[in-house]
Amino acid sequence: MEIKTLNVGWNGTNCYIIYDIGSGEASVIDPGGEAERIIAFINEKKLKVKNIFLTHGHFDHILGVQQLKEATGARLVVHEADAVCLRDTHAALYNSLMPEPFRVAKPDILLKGGERTLVNGVEMLFVHTPGHSPGSMCLFMSNVLFSGDTLFADTIGRSDFPTSDPAALAESLRNLYALNRDFVVYPGHGEPTSLFYEKEHNRDFRAWAAKRY
């Protein structure tokens with residue numbers, strides 16, 4: 001399994017392309033903008049994109065979705081609580097002054113959390129981790145965790161947006177903190193890290209995991 005990171009869009013979102021060199025099968029996580037760059041990499045590697053997975057529905061994680069969907073025919077997968085973000089600029093926190101247009105996209109699969117699927121022959125588990133947004137999810141594959149905007153290197157996701165929920169974020173972080181095996185963490189922004197490193201060194205992670213509302 002190969003993981004390519006493309007830093008895209010106005011807010012520097014990490015778009016991840018998971019692919020198998022042999023079969024060319026691929027899935028894309030959070031195409032947050034600059035769809036042309038994402039599609040150029042897919043074409044260069046001759047990849048067949050089967051899935052577009054969204055960790056959540058904020059604008060900086062979805063602005064390339066519709067173009068990528070049209071170019072590849074991939075199915076679009078999002079938690080049901082954030083599906084509204086794909087058609088509603090207010091829910092997606094989109095500002096009309098942003099350099100990329102908002103394009104409405106229709107999801108193919110709505111998740112509740114707890115579902116599993118195979119990606120390039122490797123099981124992916126979708127875990128609902130609300131707080132940053134109502135439909136935020138973490139995606140687990142083997143020893144890898146795609147944490148979206150729930151957990152970052154040395155910090156945590158924001159909980160001050162209109163649809164954020166600090167109590168829910170604390171519970172989501174508490175559940176991640178309770179995991180007793182390590183994962184390579186690929187966050188929605190910034191550099192990759194590891195879960196055990198963050199448990200030891202990330203003060204915000206520790207503090208929020210200990211919160212009780």
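What follows is calculated from the coordinates using simple rules that are stated; it is not laboratory data. Since the structure is predicted, the reported quantities are computational estimates derived from the model, not experimental observations. Cβ placement follows ideal geometry from the backbone for every residue including glycine, while neighbour counts extend to all protein chains displayed.
Per-residue ellipticity at 222 nm, computed for the chain from helices alone with -39500 (n - 2.57) per DSSP H run of at least four residues, works out to -6000 deg cm²/dmol.
Across the range 33-66, the residues whose backbone nitrogen lies under 19 Å from the label position 7 Å along the beta-carbon direction of MET98 are 33-39, 52-66. For SER194, the amide hydrogen comes within under 5 Å of the amide hydrogens of VAL185, counting only partners 5 or more places away or on other chains and with H modelled in the peptide plane. Projected label points at LEU118 and ARG174, each 7 Å from Cα along the beta carbon direction, are separated by 3.7 nanometres.
Counted residue by residue at 0.36 nm each, then reduced by the alpha carbon distance between them, the extension gain from TYR197 to ARG37 reaches 54.4 nm. Can you grab the distance from the C-alpha centre of the range 131-179 to the C-alpha centre of the range 194-208, Å, no decimals? Comparing the Cα centres of the range 131-179 and the range 194-208, I get a distance of 12 Å. Which of the helices in the chain meet the span-like rule: DSSP H, Cα axial reach of 15 Å or more, Kyte-Doolittle mean at least 0.0? The qualifying helices are 166-177. Here r is the Cβ-Cβ distance between LYS48 and ALA167 and R0 is 45 Å; the resulting FRET efficiency, rounded to 0.05, is 0.60. If you compute Cα Rg over 2.2 N^0.38 Å for the structure shown, which of [x] 1.03; [y] 0.95; [z] 1.27 do you land on? Looking at Cα Rg over 2.2 N^0.38 Å for this model, the match is [y].
Proximity of backbone amide H atoms, modeled 1.01 Å from N, is registered between THR13 and VAL8 at under 5 Å, excluding neighbours fewer than 5 places apart on the same chain. Give me the count of lysine pairs in the chain whose alpha carbons sit under 28 angstrom apart, restricted to pairs 8 or more positions apart or on different chains. The result is 23. Once you list every other residue whose beta carbon is under 11 Å from the beta carbon of LEU68, what net charge do they have if Lys and Arg are +1 and Asp and Glu are -1? Result for the neighbourhood of LEU68: -1. Spin-label model, ASP108 to VAL84: label points 7 Å out along the Cα-to-beta-carbon direction sit 2.6 nm apart.
With contacts taken as Cα pairs under 8 Å at a separation of at least 6 residues, the chain carries a relative contact order of 15 percent. Apply the a/c threshold of 1.5 to the C-alpha gyration tensor of the range 37-122 and tell me whether it is rounded, prolate or oblate. Oblate.
For the range 159-182, the residues whose amide N sits under 17 Å from a probe point set 7 Å from the Cα of MET1 along the beta carbon direction are 181-182. Between the range 61-88 and the range 113-128, what is the separation of their alpha carbon centroids in Å? Rounded to whole Å, the Cα centres lie 18 Å apart.
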